[in-house]
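The values are calculated or read from the model by the stated rules, or taken from the named source; none is laboratory data. Small disclaimer: the values here were computed from a predicted structure and weren't measured. Glycine gets a Cβ as well: all are built from the backbone with ideal geometry, and neighbour counts include every protein chain shown.
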């Protein structure tokens, strides 16, 4: 029998673990939180994300208690570092929506009202740098990110920095926005969302190099069958052709204007050569590093939850 470090819960089993956690989101909030081509429902929030928020609230409290024990041992107050949550998963799987929902729910708990969200998109190298390095066709792969800058930012926050500044990425222009910054000031909880946030390393050459995941107190992987994710990606691409791609400033404007068959052929190539390959080679192999896995079915709804025991 293969060894498993996870306990699996069906949706009904997991929903029961909500206990008396209050629902603090309204239908109007969901419209701002759901992603393109996602049907985020109040049932999903109630049955999946509220129990998860209760679990995380308990984890935050336990981590603070442990910090107080350390202060007692040292005989001085070090201060409470932000509780850091990593959320990983493929393009189009819904991890950004998960991150936004968790930020909204966790910020409504009285014990940790200040919840910041950083996406790793802001730490992609600018297009000019990617082009100079021959990496434009590998955008989203681990080597396309300024990982050192991202790790340093999280290390600074964990170390007590009063304020850090993160670069900002625009999906409209498909590039880093020059001069734009996201300011993060002493959050109670920090959520970091991105494709490769659970990546680690093997081998002696990497032994002295910190990884982003080393700073996580808890991590979540949003999972689904690759065939479903591909379909969601293509459906999202179709909707973008009708909306954002039509903006004159859009990097992808030409795909809104070409015949649909040509545009969809392009989207399929992007999946085959970039997003699907990145999922198989770099993202999916990190799944078993997560503390919790949210498994989605064809309808984009979470059907099973796996929680790490060890």
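Structural remarks
- Note on segment 178-189: among residues that are assigned to a strand (DSSP E or B) and under 18 Å from the mean Cα position of the chain (by Cα), the one that is surrounded by the fewest Cβ atoms within 10 Å (Cβ to Cβ) is 182.
- When residues of segment 158-177 are limited to those that are in a strand (DSSP E or B) and touching a residue at least 12 places away in the same chain (Cβ under 8 Å), the one surrounded by the fewest Cβ atoms within 10 Å (Cβ to Cβ): 165
- From the list 216, 237, 233, 266, the one residue that fits, being buried (at least 19 other Cβ atoms within 10 Å of the Cβ), at pLDDT 95 or above and farther than 16 Å from residue 93 by Cβ, is 216.
- Checking residue 233 against (1) under 23 Å from residue 291 (Cα atoms); (2) outside any loop (DSSP other than H, G, I, E, B), the condition it does not meet: (1)
- With respect to being more than 20 Å from residue 291 (Cβ to Cβ), touching a residue at least 60 places away in the same chain (Cβ under 8 Å), surrounded by 15 or more Cβ atoms within 10 Å (Cβ to Cβ) and in contact with a helix residue (DSSP H, G or I) (Cβ under 6 Å, 6 or more places away or on another chain), residue 151 falls outside the description.
- Residue, surrounded by the fewest Cβ atoms within 10 Å (Cβ to Cβ), within segment 123-143, restricted to residues that are within 13 Å of residue 197 (Cα to Cα) and in contact (Cβ under 8 Å) with a residue 12 or more places away in the chain: 142
- Of the residues making up segment 12-33, those that are within 22 Å of residue 92 (Cβ to Cβ) and surrounded by fewer than 18 Cβ atoms within 10 Å (Cβ to Cβ) are 31, 32.
- Identity of the residue in segment 54-64, touching a residue at least 12 places away in the same chain (Cβ under 8 Å) and surrounded by fewer than 20 Cβ atoms within 10 Å (Cβ to Cβ), that ends up farthest from residue 303 (Cα to Cα): 64
- Just one of the listed residues (99, 81, 88, 61) is assigned to a strand (DSSP E or B) and within 25 Å of residue 156 (Cα to Cα), namely 88.
- Set 246, 254: member being surrounded by fewer than 15 Cβ atoms within 10 Å (Cβ to Cβ), over 30 Å from residue 48 (Cβ atoms) and in contact with a helix residue (DSSP H, G or I) (Cβ under 7 Å, 6 or more places away or on another chain): 246
- If you check 287, 277, 306, 238 for being part of a helix (DSSP H, G or I), in contact (Cβ under 8 Å) with a residue 24 or more places away in the chain and in contact with a strand residue (DSSP E or B) (Cβ under 9 Å, 6 or more places away or on another chain), only one passes: 287.
- Applying the condition of being under 19 Å from residue 89 (Cβ atoms) and assigned to a strand (DSSP E or B) to segment 115-157 and asking which residue is farthest from the chain's Cα centre (by Cα) yields 139.
- Residue 113 being surrounded by 15 or more Cβ atoms within 10 Å (Cβ to Cβ), under 26 Å from residue 49 (Cα atoms) and touching a residue at least 60 places away in the same chain (Cβ under 8 Å): no
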